[in-house]
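The values are calculated or read from the model by the stated rules, or taken from the named source; none is laboratory data. Values in this document were obtained by computation on a predicted structure and should not be read as measured data. Quick note on the areas: whole protein, heavy atoms, side chains included, nothing else; ligands and nucleic acids left out. Shrake-Rupley method; radii C 1.70, N 1.55, O 1.52, S 1.80 Å.
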Amino acid sequence: MNLKLNEALETICMNDSRYNAWKKDYYFLSNRYAMSKPIEIWTEATRHIMQMKDVDSSKENVERIVNGLESKDNMFLLKETILYLLDHGDSDFSNCLEKVKELLIERNKHLYLNRATGKYESIIDLRNLIPNYKKRITNSFGGIRFQKVPDFMSAHAFVNKAIEICPDDEEGMTVTMLLLQYYNKRHNGRLEAEIETMKAKMRGLWNKKPKDRCDISCPFDDAQVKSSGILKEAKIVLAVMNDMLKGEYRSKNSSKCSDIDFAIAMFAVLMIRGYWKKQRKEYSEMMKQLFDMDVKTDTIGKWIRQYSTNYEEWYNGNDGKEVISARRKKIATDFAEMIDKVKTYKLKEMKN
């Protein structure tokens, strides 16, 4: 995320006492772990919660969700942040989230019982990890006290401010919209008017774009294109990837699809169509360098080993995994189709 976008997101979250309390301990964690900026971790955690809240709460689905968190980049802090949010009000979104919280606590034996409150704390006892932490803890019980979700009037004020200063680009609007949707859900849809304002702002941006959906260009210079690893039609492929990852497509699917969904789907298409021949490690590095996406090589490899790169035949069972498979299959199909459409469009342009 760029600096201006981070500032816009901070405007939203700094009015949430939960974020401010969590952020104090983030800085101690970041001394030990190489992490992203606090606001990026917090935003990623809210996105995961939005994805999980509507999932069926069967034991298999809950275990799949928790297992999936183990493979995320910044896994340690992301998992702790999700649990922190669940501990401080978000588990009441759904029965599934309550069960996810229970399983996370059960698996994280390092979590400790706060004897003052009688509850498990959502942040591990940092005193066991970081000596400096002792200096700022005077309460022998430690831990972070329960923080409330911002009241509606506060949320209404800072959400409108966030809309006002939101960066006038696709990434900024997409991420800002995600957080607006999160706080809207927290207040039972009472921020719907602000959501519509943000949608209008996004439509205004999209209307500035070329009318032909295929009239897109590669945003990278020749050196970046050459080093990308794409074997053929690199500018077209990268243009489509950028459009789907940073544009309207991602905006419409931001609460449903994660970075790893896009990374796996696109990797399958690139491999099966001969656009990519390098290892998965190089692919993950390319996604980070060009699209600022942190995706784990092992996670991609695990999916491909189990389901292959033939996305048209990806899993279609009935135990909950078909939801993920259908999501990734649709992205892959749309990606492949969009490449073909852009190629056809560019060819017609050359002839005219």
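Of the listed residues Ile165, Ile65, the order by accessible area with a 1.4 Å probe, largest first, is Ile165, Ile65. Got a number for carbon plus sulfur as a percent of the range 164-298's accessible area, 1.4 Å probe? Using a 1.4 Å probe with all protein chains present, the range 164-298 comes out at 47 percent carbon and sulfur. Accessible surface computed residue by residue for the range 228-332, with neighbouring protein chains in place and a 1.4 Å probe, gives 45 Å² per residue.
Applying a threshold of 27 Å to the alpha-carbon distances of Lys185/Lys296; Lys4/Lys348; Lys37/Lys226; Lys23/Lys99 flags Lys185/Lys296; Lys4/Lys348; Lys37/Lys226 as lying beyond it. Heavy-atom accessible area for His156, with the other protein chains in place and a 1.4 Å probe, reaches approximately 70 Å². With all protein chains in place and ligands, DNA and RNA left out, the 1.4 Å accessible area ranks Phe152, Phe262 as Phe152, Phe262, largest first.
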